[in-house]
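Q: Mind looking over this structure? Questions follow.
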Amino acid sequence: MEKIVSLAKRRGIIFQSSEVYGGLNGAWDYGPVGVELKRNVKDAWWRSVVRDRDDMVGLDAAILMHPRVWEASGHVEGFTDPLVDCRFCKGRFRADHLEDTPCPKKPSKMVGKHDECDLTESRKFNLMFKTFVGPVEETAAQVYLRPETAQGIFVNFKNVVDTGRVKIPFGMAQIGKSFRNEITPKQFTFRVREFEQMEIEFFVRPGEDVKWYEYWRNARLQWYLDLGIRKENLRLRDHAADELAHYARGCADVEYKFPWGWSELEGIANRTDYDLKRHSEFSGKDLSYFDPETKERYVPYVIEPSAGADRGTLAFLVDAYDEDSAPDEKGNLETRVVLRLHPKLAPVKAAVFPLLRKDGQPEKAHAVHDQLRKRWNVDYDQAGSIGKRYRRYDEVGTPLCLTIDHQTMQDDTVTVRDRDTMKQERVSCGRLTEYVAGRMGE
Ligand code: GAP
């Protein structure tokens with residue numbers, strides 16, 4: 001993990017939030033390369049669950065919602081973690097995470113060493129961030145930053161059905177920020193206080209829920225595999241009966257084998273008709289559905305695949321990280337850091353280099369760059385030796401490097417160098433767009 005965190009900083013993938021002020025715990029910023037990577041993760045998700053399907057629509061609901069939403073959803077009452085205070089070190093810890101949070105006062109900062117600490121009884125701590133709407137900070141004006149995007153979908157169910165363009169079974173998908181005041185943010189961007197979720201609520205006829213639950217369990221696992229996560233690092237873990245929320249009829253987590261162990265990337269749950277019924281009850285609005293095929297009225301069941309964009313991005317980053325060896329300028333082997341990202345996720349698809357800064361090569365390289373950037377995120381780079389430029393782009397997972405050299409000026413071909421095999425071939429400029437598209441799997 002240390003290598004990845006340092007690569008992330010060095011290459012502009014992920015920075016600590018407000019770093020010049022000493023940082024803010026539980027918040028991270030995506031730099032110039034990271035923003036492209038995360039955007040590609042979100043775009044791949046959106047394409048696969050919205051654009052490529054006939055039974056899904058998108059949504060972008062507000063982060064601030066009516067406070068009653070969170071009463072209906074159960075978050076005001078139940079969205080809590082057990083918290084303990086230490087009278088000795090004044091630290092606050094999650095009672096169920098004591099083994100992996102160090103006591104800050106112990107000289108060794110040894111993980112899990114709370115045995116001599118003077119811990120209070122555990123009490124419930126609500127994870128929702130509170131704020132106020134309008135100029136008066138009074139209880140009546142209190143709202144929450146949403147702790148999940150899901151409720152924005154439930155409260156828009158009727159709006160979307162009333163547009164008349166959807167029929168059950170159908171789903172609504174949303175990507176957006178969520179906020180949780182985690183007691184112990186940890187493991188880089190894995191557990192943070194501000195993060196992005198990619199959530200689906202898929203509405204089905206009661207009785208068809210088990211079939212659709214199975215469908216989404218498999219579909220969501222496959223999505224990660226299709227984008228290159230290694231099979232041995234990914235698994236589906238079904239929740240045991242005592243792990244299930246009281247309303248859930250089934251839940252499975254997609255887990256990734258991070259350097260610290262198996263951890264959740266996404267949960268897929270059969271939430272029954274719990275959410276729509278609760279919102280009906282609390283809002284007094286009928287949220288049932290009239291099925292034009294069967295002429296029945298019912299409250300739909302819902303299958304919820306709920307993923308974290310930051311966790312997914314981190315898993316793709318960790319899985320892609322590799323070190324091998326490559327010859328340096330003098331032909332000596334040196335360690336090469338390479339991100340073997342799927343081309344769809346690669347932040348920069350190709351980099352164009354003039355071999356020399358003369359003989360018309362920069363002009364030609366600019367022309368090639370201008371041609372390719374119309375379609376992809378492509379860089380132009382003329383700084384340093386070709387070897388250095390290759391390393392720079394290997395480190396951010398750029399699949400192709402295109403070099404304009406003496407021969408280009410004679411026969412209008414460029415050298416294309418492959419990130420993974422480091423093999424080179426010549427491709428004519430006239431075919432470049434088609435060639436790159438092929439290599440991107442488009
Ligand atoms: N609507 C259901 C829901 O929000 P969840 O399991 O609490 O379920 C879903 O969250 C996903 O959101 C998780 O699988 C994870 O990827 C992401 N997530 C949740 N809390 C997070 C945190 N503190 N930091 C980063 N990602 C988080």
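Q: Looking only at segment 210-250, count every residue that is under 17 Å from Arg311 (Cβ atoms) and either among the small types (Gly, Ala, Ser) or touching a strand residue (DSSP E or B) at 6+ places or on another chain (Cβ under 8 Å) (or both) and tell me the total.
A: Of segment 210-250, the ones under 17 Å from Arg311 (Cβ atoms) are 220-221, 223-225, 227-230, 233-237.
Subset that is either among the small types (Gly, Ala, Ser) or touching a strand residue (DSSP E or B) at 6+ places or on another chain (Cβ under 8 Å) (or both): 220-221, 224-225, 228-229, 233-237.
Count: 11.
Q: Filter segment 344-391 for residues that are under 20 Å from Pro327 (Cα atoms) and part of a loop (DSSP other than H, G, I, E, B); which is most open to solvent (accessible area, probe 1.4 Å)?
A: Leu355
Q: What do you reckon, is Glu196 within 26 Å of Lys130 (Cα to Cα), in contact (Cβ under 8 Å) with a residue 40 or more places away in the chain, part of a strand (DSSP E or B) and open to solvent by 10 Å² or more (accessible area, probe 1.4 Å)? Please lay out each step first, then the result.
A: Numbers: within 26 Å of Lys130 (Cα to Cα): yes; in contact (Cβ under 8 Å) with a residue 40 or more places away in the chain: yes; part of a strand (DSSP E or B): yes; open to solvent by 10 Å² or more (accessible area, probe 1.4 Å): yes.
Yes; evaluated as a whole, the condition is true for this residue.
Q: I would also like to ask the following. Considering every residue within segment 200-212, establish whether at least one is open to solvent by 10 Å² or more (accessible area, probe 1.4 Å) and within 14 Å of the ligand (Cβ to nearest atom).
A: Applying the first criterion (open to solvent by 10 Å² or more (accessible area, probe 1.4 Å)) to segment 200-212 yields 205-208, 210-212.
Now restrict to residues that are within 14 Å of the ligand (Cβ to nearest atom): none.
Checked segment 200-212: no residue is open to solvent by 10 Å² or more (accessible area, probe 1.4 Å) and within 14 Å of the ligand (Cβ to nearest atom).
Q: Same structure, new question: Residues in segment 23-37: is at least one over 17 Å from the mean Cα position of the chain (by Cα), among the hydrophobic types (A, V, I, L, M, F, W, C) and open to solvent by 40 Å² or more (accessible area, probe 1.4 Å)? It would help to see each step written out before you state the result.
A: At the first step, the residues of segment 23-37 found to be over 17 Å from the mean Cα position of the chain (by Cα) are 23-25.
This time we only want the ones that are among the hydrophobic types (A, V, I, L, M, F, W, C), so: 24.
With the extra rule that they be open to solvent by 40 Å² or more (accessible area, probe 1.4 Å), the set shrinks to 24.
Within segment 23-37 (the criterion being over 17 Å from the mean Cα position of the chain (by Cα), among the hydrophobic types (A, V, I, L, M, F, W, C) and open to solvent by 40 Å² or more (accessible area, probe 1.4 Å)), the answer is yes, since at least one residue qualifies.
Q: Looking at (1) within 19 Å of Thr131 (Cβ to Cβ); (2) more than 15 Å from the ligand (Cβ to nearest atom), which is the only condition Phe170 fails?
A: Phe170 satisfies every listed condition except (1).
Q: Right, another one. Please work out which residue is farthest from the chain's Cα centre (by Cα), limiting yourself to segment 300-329 and to residues that are surrounded by fewer than 16 Cβ atoms within 10 Å (Cβ to Cβ) and over 30 Å from Tyr256 (Cβ atoms).
A: Glu329
Q: How many residues are among the hydrophobic types (A, V, I, L, M, F, W, C), surrounded by fewer than 19 Cβ atoms within 10 Å (Cβ to Cβ) and away from the ligand (no atom under 15 Å from the Cβ) if we restrict to segment 119-160?
A: Adding up the residues that qualify gives 7.
Q: Something else about it: Is there any pair with a first residue in segment 299-313 that is in contact (Cβ under 8 Å) with a residue 60 or more places away in the chain and a second that is part of a helix (DSSP H, G or I) and near the ligand (Cβ under 7 Å from one of its atoms) whose Cβ atoms are under 8 Å apart and which are 6 or more apart or on different chains, and what are they?
A: Hits for this filter: Glu304/Ala150; Ser306/Ala150.
Q: Hey, another quick one. When both residues are 6+ apart or on different chains and their Cβ atoms are under 6 Å apart, which pairs have a first residue that lies in segment 57-78 and is under 17 Å from Gln174 (Cβ atoms), and a second that is small (Gly, Ala, Ser)?
A: Note: pairs meeting the criteria are Gly58/Ala173; Ala61/Gly152.
The values are calculated or read from the model by the stated rules, or taken from the named source; none is laboratory data. A quick note: this is a predicted structure, and the numbers were derived from the prediction, not measured. Cβ sites come from the backbone with ideal geometry, for glycine too, and all protein chains shown count toward neighbours. Each accessible area value is taken on the protein alone, full model and side chains, heavy atoms only, with ligands, DNA and RNA left out. Shrake-Rupley method; radii C 1.70, N 1.55, O 1.52, S 1.80 Å.
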